[in-house]
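Undergrad: Mind looking over this structure? Questions follow.
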Amino acid sequence: MNSLLLTGGRVIDPANRLDSTADVLILNGKIATVGPDAMKQAPPHIEKLDASGLVVCPGLIDLHVHLREPGQTAKETIATGTAAAARGGFTSVVCMPNTSPAIDNAGTVALILDRAKRDGVVNVFISGAITKNIAGEELAPIGGLKRAGVVAITDDGHCVQNNELMRRACEYAKMFDLTVMDHCQDYSLVTEGVMHEGRWSTSLGLQGWPAAGEEMIVARNILMAELTGARVHCQHLSAAGSVDLIRAARKRGVPISGEACPHHFTLTDSAIAGSEKFWAEDGKPLLSLNPQLSNVSPPSWPAYDTNFKMNPPLRSVRDREAILEGLVDGTIEILCSDHAPHCNFEKEVEFDYAPFGITGLENEFALALMQLYHSKRLSLADVLAKYTVAPAKLLNLAKGTLSVGADADLTVFDPDREWVFERTDTASKSHNNPFYGWPLKGRAIATIVGGKKVWAEQPEPVSV
Ligand SMILES: [Zn+2]
């Protein structure tokens, strides 16, 4: 049961600095052997997966996902969200607490763990709220949340504005060995901003969300990490100044970290002026780096398309470059999607009124490979580390490695597979994604959780 032999793949396990052709034997849901002995030790009649020409790596982890259950199941459920994760090559996700009710109490944690066991296709880890009802006024019971099983705390979607309250949250988190993750947004600077404050917000007549609105809270979080010794992790970084602040703080040993989402290091604010404007200027480097994009007519979309509205917003070329630089020099250790499903009717309104957020689980890996690996900015192992060992380490998850005895969570993928991401090509309940119609490069072929194939491009394996 839950046993599998993967043969002939290029096995990349950043946690063990392994990158070579090898067989992987999974027995009873655990990694039994990696290397030349795997074949010899495999019992007869074991199910086999021919991975030749493919990469085999520890199952990808996305530590920033909105599953919307309980309370917003018209947008997504644990069943559909984890099915989308599996299609994208992810074996573990961390869900955000801005559900209804919020994950600010042990009962909601228990409910989600129960549903995830019943409906989940991949592992679901839970982040709890920092404050009651994510209202930013009174601390949630952080010790109780930890006992109930949360792996981190965050008010994601919101940001604790009161610095004294944030200090107490950090002190409790340190006491309970939890990471504090923060959606960095200074409300007094951002006010009603809906897109990056700059040239395009002016010409489109939309209210700006200045980069300083993020940088202010990143700076605050560095001071909090320094003051309390707690691990503080800045979510979905979008601004150049944030990267500079974190780089300098990490150099002097502050326990601060950051994550980046593919939309922030692929697109810019000019995309909100429509595809023509984007491809004429900021999109040009994408076309030259990705011949498959320029071989066909590049994807098109209208101005004010609400699928380009997210929080924090798409920023300038300079910011996009700074995020890429931060990923390359290791300042930003973690990649994730901020998968944020919304119903069509919610997004089909004027730009000002649409909710922030886009889905991402099924296309984020390809975009990360295109912008980081195919562009020759990073090695494949370095990209994979940001989706495996780094998030596992940040949150103390016993995941992200192919060490003998580890849970047999694996992703099998083809880094060179070219495909077009179609609107019909999703397991998510929602379709708020700006990348439909995009030719992408790199795709998961099989997703294995606890030794069980939960998604595969070719459903019928070869049995011997
Ligand atoms: Zn957020």
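Undergrad: Give me the number: length gained by fully extending residue 135 to residue 52, i.e. 0.36 nm times residue separation minus the C-alpha to C-alpha distance, one decimal in nm. List each step's numbers first, then the result.
TA: On the way: separation 83, 0.36 × 83 = 29.88 nm, distance 5.11 nm.
My answer for the length gained is 24.8 nm.
Undergrad: Around residue 396, under 12 Å between beta carbons, what's the net of Lys plus Arg minus Asp minus Glu among the other residues?
TA: Values: positive: 146, 231, 393, 399; negative: 177.
Computed value for this residue: +3.
Undergrad: Counting every Cα pair in the stretch 325-402, what percent are over 20 Å apart?
TA: On the way: 1379 of 3003 pairs.
In whole percent, the long-distance tail amounts to 46.
Undergrad: Among all the lysines, which ones have a C-alpha under 22 Å from residue 309's C-alpha, if same-chain residues fewer than 8 places away are not counted?
TA: 75, 277, 284, 347, 429
Undergrad: Order the following by accessible area, largest value first: 306, 202. Probe radius 1.4 Å; ligands, DNA and RNA are ignored. Could the numbers behind the result be given before it?
TA: Numbers: 306 15, 202 110 Å².
Correct descending sequence by accessible area is 202, 306.
Undergrad: Separate question: Hey, rough spin-label estimate for residue 1 and residue 296, points 7 angstrom out along Cα→Cβ, what's it come to in nanometres?
TA: Rounded to a tenth, the inter-label distance reads 4.4 nm.
Undergrad: Only four residue types carry charge here, +1 at the Cβ of Lys and Arg and -1 at the Cβ of Asp and Glu. Report the dipole size of the chain about the Cα centre in Debye, rounded to the nearest 20. Before the final figure, lay out each step's value.
TA: Working: 43 positive and 55 negative charges, 206 e Å.
So the dipole magnitude of the chain works out to roughly 1000 debye.
Undergrad: Further, regarding this structure: Enumerate the aspartates and glutamates that residue 48 could reach by cross-link, defined here as Cα to Cα under 19 Å, with residues fewer than 8 away along the same chain left out.
TA: Those aspartates and glutamates meeting the cut-off are 23, 37, 407, 409, 414, 457, 460.
Undergrad: What order do you get for 340-346, 147-153 when each peptide is scored by the mean count of other beta carbon atoms within 10 Å, highest first? Don't skip to the end; give the middle numbers.
TA: On the way: 340-346: 18.7, 147-153: 20.7.
Final packing ranking: 147-153, 340-346.
Undergrad: Given the C-alpha centroids of the stretch 15-34 and the stretch 345-363, what is the distance between them in whole angstrom?
TA: That distance is 40 Å.
Undergrad: Run the numbers for residue 416 and residue 74: contour at 0.36 nm per residue of separation, minus the present Cα-Cα distance, in nm. Don't skip to the answer; put the middle values down first.
TA: On the way: separation 342, 0.36 × 342 = 123.12 nm, distance 3.50 nm.
The residue 416-residue 74 span can extend by a further 119.6 nm.
Undergrad: First select every other residue whose beta carbon is under 14 angstrom from the beta carbon of residue 171; then total the charges, Lys and Arg +1, Asp and Glu -1.
TA: Values: positive: 146, 167, 168, 174, 231; negative: 164, 177, 226.
In short, +2.
Undergrad: The chain: percent of C-alpha pairs farther apart than 41 Å? Working shown, then result.
TA: Numbers: 13785 of 107416 pairs.
Result: 13 percent of Cα pairs exceed 41 Å.
Undergrad: A further question on this structure: Give me the net charge for the shell around residue 192: Cβ to Cβ below 15 angstrom, other residues only, Lys and Arg +1, Asp and Glu -1. The partial results should precede the final answer.
TA: On the way: positive: 309; negative: 186, 197, 350, 352.
Here the charged neighbours net out to -3.
Undergrad: While we're on this one: Just want the answer: with Cβ charges of +1 for Lys and Arg and -1 for Asp and Glu, which residue in 275, 248, 314 is farthest toward the dipole's positive end in the stretch 192-318?
TA: Value computed over the given set: 248.
Undergrad: Give me the extension gain from residue 192 to residue 425: residue separation times 0.36 nm, minus the current Cα-Cα distance, reported in nm with one decimal.
TA: So the extension gain works out to 80.5 nm.
Undergrad: Starting from the Cα of residue 175, step 7 Å toward the Cβ, then list every residue of the stretch 125-163 with an amide N under 14 Å from that point.
TA: Residues 139-147 qualify, since their backbone N sits under 14 Å from the label point.
Undergrad: Still on this structure, I have one more. Compare the peptides 293-305, 398-410 by average per-residue count of other Cβ atoms within 10 angstrom and give them in order, highest first. Please report the intermediate quantities before stating the final value.
TA: Numbers: 293-305: 14.5, 398-410: 20.8.
Answer by packing, highest mean first, reads 398-410, 293-305.
Undergrad: Further, regarding this structure: In terms of modelled amide H atoms, which long-range or inter-chain residues lie less than 5 Å from the amide H of residue 442?
TA: The answer is 417, 418, 419.
Undergrad: I've got another one for you. Add -39500 (n - 2.57) for each DSSP H run of 4 or more in the chain, then divide by its residues: what number comes out at 222 nm, to the nearest 500 deg cm²/dmol? Intermediate results must be reported in sequence, preceding the final value.
TA: Numbers: 18 runs with 144 residues, N = 464.
Taken over the chain, the calculation gives -8500 deg cm²/dmol.
Undergrad: Okay, next question. Beta carbons within 10 angstrom, averaged per residue: use that to sort the peptides 246-254, 171-179, highest first. Present the calculation step by step, with values, prior to reporting the outcome.
TA: On the way: 246-254: 15.2, 171-179: 18.1.
Highest mean packing first, the order is 171-179, 246-254.
Undergrad: Measuring from label point to label point, each 7 Å out along Cα→Cβ, what is the residue 110 to residue 398 span in nm?
TA: Modelled inter-label distance: 2.3 nm.
Undergrad: Okay, moving on. Take residue 244 and residue 375, extend 7 Å from each Cα along the Cα→Cβ direction, and tell me the distance between the two endpoints in nm.
TA: Here the modelled spin labels are 2.0 nm apart.
The values are calculated or read from the model by the stated rules, or taken from the named source; none is laboratory data. Note that this is a predicted model, so its numbers are computed, not measured. Heads up, the Cβs are rebuilt from the backbone with ideal geometry, glycines too, and the neighbour counts pull from every protein chain shown. Just the protein is used for accessible areas: all its heavy atoms, side chains included, with ligands, DNA and RNA removed. Shrake-Rupley method; radii C 1.70, N 1.55, O 1.52, S 1.80 Å.
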